[in-house]
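Heads up, the thing below is written out as structure tokens.
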Amino acid sequence: MPGCTGSSAVVPRPATPYQGDIARYWNNEARPVNLRLGDVDGLYHHHYGIGDVDHAALGDTGDVAYEDRVIAELHRLESAQTDVLLDHLGAIGRDDTLVDAGCGRGGSMVMAHQRFGCKVEGVTLSAKQADFANQRARDLGIGSYVRARVCNMLNTPFETGQAAASWNNESSMYVDLHDLMAEHSRVLAVGGRYVTITGCWNPRYGQPSKWVSQINAHFECNIHSRREYLRAMIDNRLVPQAVVDLTPQTLPYWKLRATTSLVTGIEDAFVNSYEDGSFQYVLIAADRI
């Protein structure tokens, strides 16, 4: 399909100036917090972690290897987050196709294939990320099953009804939600499952807080409210089956990350917004009807 490619040799023109900005942002991104964590076991994520910190595994803070153990623990929590997302995809067979919208460097795609044995297709605006993800898949010998393409997630190359399940893992804040859910609804087979894990501002707070505004500015994104997600899903034949508040489970990750040399300056905004209730970390699973 025009506008998508599996190689950075021919990169499709962004549909809007903002898409071009986001492509450049992620093409230039090389934060140690993403790369050093991925170096632990070769799974490179672009999302955050959930679960209790294993303080026994961290050991003495004065130990020369303490930071290495912290990095390994942060990575374990990020992979645990992916496991929770995959748990909500439902029954997936080896002949099924899954779609990762906003796949980053491909860590979630690799984990999905390792669990289900099926084909996993990813899309990202970043040619650098797509090349990285595809090289990792080839290195692991799963290049015929796991593929990333440079593509707009609102206009994917997949056939109508092709996917048994699809997801956004912290990537939906870069697009209009109604357009996004319409594309997932098109790609999913009837009965297929859509899952998102995302940060969203809490409507009960009233409006996005100053912390949410800081996060938007840091990542050049536009965080949506929880209400907007649910409305966009229902309007596009995606019926929510589960809404899980993961906020208490992600706070330990952020508090641990804030103690390391990998800080990016946004850690306090996440911790403060989660603690004051203005920002939430949620999982929503919906079925295509």
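The values are calculated or read from the model by the stated rules, or taken from the named source; none is laboratory data. This structure is a prediction, so every number in the text was calculated from the model and none was measured. Using ideal geometry, Cβ is built from the backbone for each residue, glycine included, and neighbour counts are taken over all protein chains shown. Surface areas here come from the heavy atoms of the whole protein model, side chains and all, with no ligands, DNA or RNA. Shrake-Rupley method; radii C 1.70, N 1.55, O 1.52, S 1.80 Å.
When both residues are 6+ apart or on different chains and their Cβ atoms are under 9 Å apart, which pairs have a first residue that lies in region 159-171 and is farther than 12 Å from D100 by Cα and in a loop (DSSP other than H, G, I, E, B), and a second that is acidic (D, E) and open to solvent by 20 Å² or more (accessible area, probe 1.4 Å)? Listed by first residue and then by second, the contacts come to nothing, as the list is empty. Consider region 125-151 and keep the residues that are in a loop (DSSP other than H, G, I, E, B) and open to solvent by 10 Å² or more (accessible area, probe 1.4 Å). The one that is modelled with the lowest pLDDT is L125. Residues in region 64-98 that are open to solvent by less than 10 Å² (accessible area, probe 1.4 Å) and touching a strand residue (DSSP E or B) at 6+ places or on another chain (Cβ under 9 Å) were compared, and the one that is nearest to L188 (Cα to Cα) is L98.
Being in contact with a Pro (Cβ under 8 Å, 6 or more places away or on another chain), open to solvent by less than 20 Å² (accessible area, probe 1.4 Å), modelled with pLDDT of 95 or more and farther than 26 Å from L77 by Cα is a condition met by at least one residue of region 216-235.
Being farther than 26 Å from S278 by Cβ, surrounded by fewer than 23 Cβ atoms within 10 Å (Cβ to Cβ) and either out of contact with any Lys or Arg (no Cβ under 9 Å at 6 or more places or on another chain) or not basic (K, R) (or both) is true of L154. The residue of region 47-63 that is farthest from L251 (Cα to Cα), among those that are more than 29 Å from the chain's Cα centre (by Cα) and open to solvent by 90 Å² or more (accessible area, probe 1.4 Å), is D60.
For region 251-289, a tally of residues being touching a residue at least 60 places away in the same chain (Cβ under 8 Å), hydroxyl-bearing (S, T, Y), under 20 Å from D52 (Cα atoms) and open to solvent by 10 Å² or more (accessible area, probe 1.4 Å) returns 2. If I go through region 11-34 residue by residue, how many of them are open to solvent by 50 Å² or more (accessible area, probe 1.4 Å), among the hydrophobic types (A, V, I, L, M, F, W, C) and under 19 Å from the mean Cα position of the chain (by Cα)? Matching residues across region 11-34 total 1. Applying the criterion of being over 16 Å from A269 (Cα atoms) and in contact with a Leu (Cβ under 9 Å, 6 or more places away or on another chain) to the residues of region 188-209, the residue that is most open to solvent (accessible area, probe 1.4 Å) is R193. The listed residues are E183, E121, and the only one of them that is among the charged types (D, E, K, R), outside any strand (DSSP E or B), out of contact with any Cys (no Cβ under 8 Å at 6 or more places or on another chain) and under 21 Å from I92 (Cβ atoms) turns out to be E183. Given (1) within 23 Å of A91 (Cα to Cα); (2) open to solvent by less than 20 Å² (accessible area, probe 1.4 Å); (3) more than 15 Å from the chain's Cα centre (by Cα), where does Q162 come up short, assuming only one miss? Of everything listed in (1) within 23 Å of A91 (Cα to Cα); (2) open to solvent by less than 20 Å² (accessible area, probe 1.4 Å); (3) more than 15 Å from the chain's Cα centre (by Cα), Q162 misses just condition (2).
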